[in-house]
Amino acid sequence: MAGKVPRIAVYKFASCDGCQLSIVDLEDELLEIGQRFEIAYFMEVTRAARKGPYDVGLVEGSISTPHDVELIKSIRKDCKKLVTIGACATAGGIQALRNWANVEEFSKYVYAKPEYVQTLEKASPVSEYVQVDFELRGCPVNKYQLLELLSALLAGRKPNIPTYSVCMECKMKGNVCVMVAKGIPCLGPVVQAGCGAICPTYSRGCYGCFGPMESPNVKSLATSFIDLGMNKKDVILTFRGFTGWSKEFREVDGLIEG
């Protein structure tokens, strides 16, 4: 991207806006970003929008409607690099919990006129519909990882984002393992680092906001949960959280059945 000011576009699909707010939360660093990038499209911040093409597209949210499918394909054509930000865009998010249920049944009880609701049977990560160049995990994303991503894109290098587990963050902070010491179920051993081990630091098990790490041994951890006294149903539900629709966590159902 050397030689010109890269153009950034920020998009939202089904989500809570938290990852977009993480961009705004960069505060002082945002001033520097504004000097090094042209923020051409960012409806969360300004209605002043400039047409593509764009050098970088940052996408928050899961694909949940037929309109979303068409829009994300159009966005992909408009962006040289497409980066998904947050648990919704990378793993389906909380709204993907509906993927294990009957959407029409939900709609019947929630909406007065469910026949007007146009939705897909499943809420899915962006990567199920278009090619994604990089995934930035988290619920919400870590704003410093976001800054590293933008710096890497500017320099034309690979982002230095950790792929080790939350357990490593616990070790670096000197935390006592909540599973070993207190018997609290924790997804930390199979979840990618990035949050600073917030929950274990306050004696709570990791909820898996950053999704599965590289090559997670989910079967071993699920077995450990059973050894702690959890029944199989509760073990499955523990993995069905912020990133439950990710491929590795989705497979837990079959791994511990029988």
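The values are calculated or read from the model by the stated rules, or taken from the named source; none is laboratory data. The structure displayed is predicted, hence computed values, not measured ones. Because the Cβ atoms are built from the backbone with ideal geometry, glycine has one as well, and the counts that use them run over all protein chains shown.
Considering (1) under 18 Å from F37 (Cα atoms); (2) touching a residue at least 24 places away in the same chain (Cβ under 8 Å); (3) out of contact with any Leu (no Cβ under 6 Å at 6 or more places or on another chain), the lone condition that A152 does not fulfil carries the number (2).
For the structure I just gave you, tell me whether P189 is touching a strand residue (DSSP E or B) at 6+ places or on another chain (Cβ under 9 Å) and in the same structural domain as D227 (by TED's automatic domain parsing). Yes, satisfied. Within segment 119-140, being under 22 Å from D55 (Cβ atoms) and of a type in the set (A, V, I, L, M) holds for V126, V130, V132, L136.
Among the residues making up segment 27-41, those that are under 13 Å from I8 (Cβ atoms) and among the hydrophobic types (A, V, I, L, M, F, W, C) are L30, I33, F37, I39, A40.
Among the residues making up segment 46-70, a single one is without any contact (Cβ under 8 Å) to a residue 40 or more places away in the chain and under 30 Å from R98 (Cβ atoms): E70.
On inspection, E135 passes the criterion of being within 19 Å of the chain's Cα centre (by Cα) and among the charged types (D, E, K, R).
Pairs meeting the criteria (first residue in segment 99-128 and within 21 Å of T84 (Cβ to Cβ) and modelled with pLDDT under 90, second residue among the polar types (S, T, N, Q) and in a helix (DSSP H, G or I), beta carbons under 8 Å, at least 6 apart or on different chains) are lacking. Has segment 126-137 got any residue that is surrounded by 18 or more Cβ atoms within 10 Å (Cβ to Cβ) and in a helix (DSSP H, G or I)? Yes, segment 126-137 has at least one match. Assessment of segment 168-188 against the conditions (assigned to a loop (DSSP other than H, G, I, E, B), of a type in the set (D, E, K, R) and surrounded by 13 or more Cβ atoms within 10 Å (Cβ to Cβ)) yields no matching residue.
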